[in-house]
1. Out of region 60-69, which residues are in a helix (DSSP H, G or I) and at pLDDT below 95?
2. Can you tell me which of (1) assigned to a helix (DSSP H, G or I); (2) touching a residue at least 24 places away in the same chain (Cβ under 8 Å); (3) within 17 Å of Pro134 (Cβ to Cβ); (4) open to solvent by 30 Å² or more (accessible area, probe 1.4 Å) is the one Ala57 doesn't meet?
3. Pull out all pairs, ordered by first then second residue, where Cβ-Cβ is under 7 Å, the residues are six or more apart or on different chains, the first lies in region 28-52 and is at pLDDT 95 or above and part of a helix (DSSP H, G or I), and the second is open to solvent by less than 70 Å² (accessible area, probe 1.4 Å) and small (Gly, Ala, Ser).
4. Against the conditions (1) at pLDDT below 90; (2) surrounded by 21 or more Cβ atoms within 10 Å (Cβ to Cβ), where does Ser154 fall short? Just the number, please.
5. Residue under question is Ser136, and the condition is that it be modelled with pLDDT under 95 and more than 22 Å from the chain's Cα centre (by Cα); does it hold?
6. Residues that are assigned to a helix (DSSP H, G or I), among the polar types (S, T, N, Q) and within 20 Å of Glu208 (Cβ to Cβ): does region 109-121 have at least one?
7. If a residue has to be open to solvent by 20 Å² or more (accessible area, probe 1.4 Å) and touching a Ser or Thr at 6+ places or on another chain (Cβ under 7 Å) to count, how many in region 33-54 make the cut?
8. Give me the residue from region 81-136 that is within 20 Å of Leu48 (Cα to Cα) and of a type in the set (Val, Ile, Thr) and, out of that set, surrounded by the fewest Cβ atoms within 10 Å (Cβ to Cβ).
Amino acid sequence: MGQFFSSVLPFTARGGYTSFLSLAVGLGAVCGILASLTLTGLIAPAALPAIVAPIGASSVLVFAIPASPLAKPYAVIMGNVLSAAIGVLVSIAIPHQMLAAGLAVGLAIMVMTATRSLHPPGGAAALTAVLLHPSSAGSTAALLFPLVPVGLNSLILVCVGIAFHRLSGRSYPHHAMPASPTTETATELRREDILAALHKTGEAFDIELEDLERLLTLAEEHRDGRGAVRIAPN
């Protein structure tokens, strides 16, 4: 049973997390959600909620997987705001809720991809806008919804995330560390080789190219070190 769960756990959750860090990440998310709820609640009109459910999903990326391109501040804020705006427009244009829900999510994915702001909770933001249908509370509520609560929630969450990761010594917004030039030359692995391999798979991977280069270089270093230990004399 233990082997089954270890095999289905996402790879990104096994990057050196300790029990203390897992607890800290959870507490960071608590602070982010409470701050978003409290501060937005002071501004949001009565016709609109103080927080939306997609922010819970955003907090998972911001606090637990800050190195993901999907967790970048630009992706969090723009992805959620653009998707919510699309959801509002679709809900106004298409009265059939089921059709509007599917179309809003599909369009949100297209726009996020085109603007390089892909953020999975954005799909939920678009769907939330259709289900809540803020235009039923008036045109002002419809215009405000993408900004308050969605945009403000996202902005506050990102700000708390930046503060949390600085206090914990982690990088957010994440900046990939380049691989060692000397080691990269020694392994004869070049960036075009990695790009060619990625293109050959035809898949999209949730990792920066620089992070992938560094990871491969460190793996090569570990392999060489393991070989040196094996041939070392007693």
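The values are calculated or read from the model by the stated rules, or taken from the named source; none is laboratory data. Quantities reported herein were computed from a predicted structural model and do not represent experimental measurements. Here the Cβ positions follow ideal geometry from the backbone for every residue, glycine too, while neighbour counts run over all protein chains shown. What goes into the accessible areas is simple: the full protein's heavy atoms, side chains included, and nothing from ligands, DNA or RNA. Shrake-Rupley method; radii C 1.70, N 1.55, O 1.52, S 1.80 Å.
1. Here is the first cut: in region 60-69, the residues in a helix (DSSP H, G or I) are 60-64, 69.
The answer is Ala64, Pro69.
2. If we test Ala57 against (1) assigned to a helix (DSSP H, G or I); (2) touching a residue at least 24 places away in the same chain (Cβ under 8 Å); (3) within 17 Å of Pro134 (Cβ to Cβ); (4) open to solvent by 30 Å² or more (accessible area, probe 1.4 Å), just (3) comes out false.
3. Note: pairs meeting the criteria are Ala29/Ser59; Gly32/Ser59; Gly32/Gly161; Ile33/Gly56; Ile33/Ser59; Leu37/Ala50; Thr40/Ala50; Gly41/Ala50.
4. (1)
5. yes
6. First pass over region 109-121, keeping only residues assigned to a helix (DSSP H, G or I): 109-114, 121.
If we keep only those that are among the polar types (S, T, N, Q) too, we end up with 113.
In the following step, the residues that additionally are within 20 Å of Glu208 (Cβ to Cβ) were identified as 113.
Yes, region 109-121 contains a residue that is assigned to a helix (DSSP H, G or I), among the polar types (S, T, N, Q) and within 20 Å of Glu208 (Cβ to Cβ).
7. Total meeting the criteria: 4.
8. Ile92
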